[in-house]
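J.: My questions will all concern the structure given below.
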Amino acid sequence: MDAGELLAQYRAGERTFSGLNLLEIDLIQADLSDTDLSRSDLRQSRLGRSHFVRSTLAQADLSEALLWGADFTQADCPQAQLRDADLSGAVFVQANLVEANLVKAILCGVNFQEADLSLALLIEADLRPSSDQSTNLNRVTLQGANLSYAHLSGASLVEANLHRAKLCRARLGQGFRPDAPKTDLTGANLQGADLSYADLTGAILREADLRGADLTGAILTQADLSGTQLPDGIDLTLS
């Protein structure tokens with residue numbers, strides 16, 4: 001099915017497009033809200049600024065797709081494949097991304113507020129702010145998610161649930177730029193999280209819960225640990 005046929009059927013009232021081969025389809029700025037695209041092949045597709053509000057993309061393959069500015073508000077995307085996808089500035093407010101594959105995805109400036117990314121793979125994902133907005137992970141669920149080596153510098157993770165998340169060698173610090181925005185983990189749940197060798201330079205961890213977290217080799221220089229619940233044996237003088 002090509003783009004013209006799909007849009008024509010959508011305008012005619014059709015909403016079920018599951019299991020289709022839509023490889024490399026061009027649907028920039030299309031409105032596909034409330035559609036079922038589960039298990040469809042959308043690899044390398046061009047979907048910038050398209051609307052998938054309340055749509056179902058369970059097990060859909062969007063690997064290497066261009067999805068910048070796309071709107072996935074309240075979309076149901078469990079086990080979606082988004083590896084190497086460009087999602088810069090996309091909106092996933094209250095979306096379901098449980099077990100989604102976002103390995104090496106570009107997620108700069110994405111709004112994930114109140115989304116569920118439990119058990120998702122975000123290895124080497126880029127979650128830095130875009131030029132005009134912070135990556136919003138406030139109150140997101142990342143329980144058990146793998147964010148190893150992810151670039152989270154400057155992202156907002158206020159009250160995020162990172163229980164037992166893997167953040168090994170993740171970059172959450174300001175690096176060599178003292179004027180760079182700080183990663184905000186205020187009130188975040190990091191119980192049992194793997195933060196081994198993570199860079200938390202200058203990060204805001206006020207009222208965060210780090211009980212049982214692995215901080216082996218973690219860099220906490222100038223981190224704000226006001227009211228933070230730390231693992232047993234951590235020496236605050238090191239931060």
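The values are calculated or read from the model by the stated rules, or taken from the named source; none is laboratory data. Everything numeric here is computed off the predicted structure, so don't read it as measured data. As a convention, Cβ positions derive from the backbone with ideal geometry for all residues, glycine included, and neighbour counts pool all protein chains shown.
J.: As an exercise: evaluate Gly187 against (1) closer than 25 Å to Lys104 by Cα; (2) modelled with pLDDT of 95 or more and give the number of the one condition it does not meet.
T.: Gly187 satisfies every listed condition except (1).
J.: How many residues are within 17 Å of Ser134 (Cβ to Cβ), of a type in the set (D, E, K, R) and in a strand (DSSP E or B) if we restrict to the stretch 153-202?
T.: So the answer is 2.
J.: List the number of the failed condition for Gln143; all other conditions in (1) within 21 Å of Arg211 (Cβ to Cβ); (2) crowded, with 24+ Cβ neighbours inside 10 Å hold.
T.: Failing condition for Gln143: (2).
J.: With the condition kept exactly as written, say whether any residue in the stretch 116-126 is of a type outside the set (Ser, Thr, Tyr), assigned to a loop (DSSP other than H, G, I, E, B) and over 19 Å from Asp194 (Cα atoms).
T.: No: zero hits.
J.: What number of residues within the stretch 51-89 are surrounded by fewer than 23 Cβ atoms within 10 Å (Cβ to Cβ), out of contact with any Cys (no Cβ under 9 Å at 6 or more places or on another chain) and among the small types (Gly, Ala, Ser)?
T.: So the answer is 2.
J.: Condition (residue is among the aromatic types (Phe, Trp, Tyr) and assigned to a loop (DSSP other than H, G, I, E, B)) applied to the stretch 1-10: is it met by at least one residue? Please lay out each step first, then the result.
T.: Initial filter on the stretch 1-10 (among the aromatic types (Phe, Trp, Tyr)): 10.
Subsequent filtering for residues that are assigned to a loop (DSSP other than H, G, I, E, B) retains none.
Scanning the stretch 1-10 turns up no residue that is among the aromatic types (Phe, Trp, Tyr) and assigned to a loop (DSSP other than H, G, I, E, B).
Yes/no matrix, rows are residues, columns are (1) under 20 Å from Leu230 (Cα atoms); (2) modelled with pLDDT under 95; (3) of a type in the set (Ser, Thr, Tyr):
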{"position": "Asp116", "(1), (2), (3)": "no, no, no"}
{"position": "Ser131", "(1), (2), (3)": "no, yes, yes"}
{"position": "Gly173", "(1), (2), (3)": "yes, yes, no"}
{"position": "Ala208", "(1), (2), (3)": "yes, no, no"}
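J.: Continuing with this model, one more query. Going residue by residue through the stretch 80-100, is there one that turns out to be in contact with a strand residue (DSSP E or B) (Cβ under 7 Å, 6 or more places away or on another chain), under 17 Å from Leu20 (Cβ atoms), not in a loop (DSSP other than H, G, I, E, B) and not polar (S, T, N, Q)?
T.: There is no residue in the stretch 80-100 that is in contact with a strand residue (DSSP E or B) (Cβ under 7 Å, 6 or more places away or on another chain), under 17 Å from Leu20 (Cβ atoms), not in a loop (DSSP other than H, G, I, E, B) and not polar (S, T, N, Q).
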